[in-house]
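Undergrad: Input: one structure, supplied below.
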């Protein structure tokens with residue numbers, strides 16, 4: 001059962017998959033694909049209303065058109081912009097509901113049963129972006145509607161074998177498609193983790209740091225907080241290497257990386273820019289920024305290698321900027337780097353704050 005617990009505890013993938021697509025310029029294509037496929041699936045019940053085997057009766061047709069309009073509304077969500085994680089979950093729940101309604105009101109139980117195969121598409125989406133809990137929810141709804149329609153089909157046609165075979169098809173598709181997508185996501189995640197990590201310290205490398213900071217910038221730009229960036233440079237690190245060898249220097253870098261990672265929040269971005277230079281970023285209130293920088297100095301000072309650090313900090317208030325994210329990041333890192341050298345010229349083991357913006 002260990003594998004089942006590991007599967008159940010898998011984290012939400014929405015942020016890193018979004019970052020992956022954004023970094024490769026594929027968000028627009030993905031949005032277009034999701035908008036078109038959702039709209040196409042939403043129009044299927046509308047077409048069925050014109051069939052002699054489609055839903056008939058005032059209530060059935062009203063529910064059908066409700067599901068059509070709801071599906072088109074879900075498709076429209078992808079037209080404007082890439083959604084937040086919360087909107088993505090709302091898309092799952094609403095799409096799931098409208099598919100269930102469209103399948104449930106079909107006069108022909110065979111059509112309703114075959115319609116349950118569409119749940120495999122929402123299952124695949126969930127497996128790509130979200131947690132196993134939503135996968136179970138999607139499968140449970142598909143199974144419930146599928147069993148109802150298969151019982152109707154077996155009763156009305158007296159062909160139990162046909163009803164069982166079609167229900168088995170629904171079950172297989174709704175298991176195979178999401179798990180196949182999830183397997184790809186797992187392999188991709190492992191490869192990306194290796195590609196985005198510094199092999200010595202395990203921290204994010206330069207490219208991944210920039211990507212993660214841009215995500216913080218864009219995902220929270222409507223919040224009244226600061227994006228703070230800190231450049232941390234170890235004082236007299238060359239002396240440690242020359243006196244005790246590069247192996248000791250590597251051990252010191254690993255210890256500093258661990259100390260920096262331990263002393264920040266879960267939302268923080270922590271990376272190694274190269275050599276003895278590290279970079280951190282987080283969302284903070286204005287009054288917390290200096291204390292955040294001071295904690296970095298203190299964290300480095302207590303590692304067992306007699307090291308200290310010069311820290312430079314710069315911050316921008318998210319609601320105040322409307323520039324390109326990459327330009328803001330470069331400006332912030334440049335300002336933090338300038339502040340770090342000011343701290344180093346002042347004797348090291350301290351921080352300087354170059355505040356380029358303030359919330360008003």
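Undergrad: Where Rh denotes the Kirkwood radius from the mean inverse Cα pair distance, what is Rg over Rh for segment 206-355? Please list the in-between numbers first.
TA: On the way: Rg = 15.0 Å, Rh = 15.4 Å.
Taking Rg over the Kirkwood Rh, I get 0.98.
Undergrad: Can I ask one more? Taking the simple approach of a point 7 Å from Cα along Cα-to-Cβ for both residue 342 and residue 147, what is their distance in nm?
TA: 6.7
Undergrad: Compare the peptides 31-38, 204-211 by average per-residue count of other Cβ atoms within 10 angstrom and give them in order, highest first. Please report the intermediate quantities before stating the final value.
TA: Values: 31-38: 16.2, 204-211: 18.9.
Averaged packing, sorted descending, gives the order 204-211, 31-38.
Undergrad: When the expected Rg is taken as 2.2 N^0.38 Å, what fraction or multiple of it is the alpha-carbon Rg of segment 2-195? Numbers along the way, then the final one.
TA: On the way: Rg = 17.8 Å, N = 194, 2.2 N^0.38 = 16.3 Å.
After normalising by residue count via 2.2 N^0.38 Å, the value is 1.09.
Undergrad: Follow-up. If the chain were replaced by its equivalent ellipsoid, with semi-axes equal to the square roots of 5 times the Cα gyration tensor eigenvalues, what would those be, largest first, whole Å? Don't skip to the end; give the middle numbers.
TA: Numbers: eigenvalues 583, 102, 37 Å².
Whole-Å semi-axes of the equivalent ellipsoid: 54, 23, 14.
Undergrad: In whole angstrom, how far apart do the alpha carbon centroids of segment 1-52 and segment 227-306 sit?
TA: For segment 1-52 versus segment 227-306, the Cα centre distance is 39 Å.
Undergrad: Roughly what angle does helix 14-23 make with the longest principal axis of the chain, taking Cα atoms, 0 to 90 degrees, to the nearest 10?
TA: 70
Undergrad: Mind pulling the angle between the C-alpha long axis of helix 27-48 and the longest principal axis of the chain? Nearest 10 degrees, somewhere in 0 to 90.
TA: 10
Undergrad: Follow-up. Would you mind getting me the FRET efficiency between residue 266 and residue 172? Use the beta-carbon distance for r and R0 = 41 Å, nearest 0.05. Don't skip to the answer; put the middle values down first.
TA: Working: r = 38 Å, r/R0 = 0.94.
Computed FRET efficiency for residue 266 and residue 172 comes out at 0.60.
Undergrad: If you fit an axis through the alpha-carbon atoms of helix 119-129 and take the longest principal axis of the Cα set of the chain, what angle between them do you get, 0 to 90°, nearest 10?
TA: 0
Undergrad: Relative contact order for the chain: what percent, with Cα pairs under 8 Å and sequence separation of 6 or more?
TA: Details: 543 pairs, mean separation 48.1, N = 360.
Value for the chain: 13 percent.
Rule-based calculations on the coordinates, nothing more; no lab input. Nothing here was measured: the structure is a model prediction, and the numbers come from that model. Note that each Cβ is placed from the backbone with ideal geometry, even for glycine, and that neighbours are counted across all protein chains shown.
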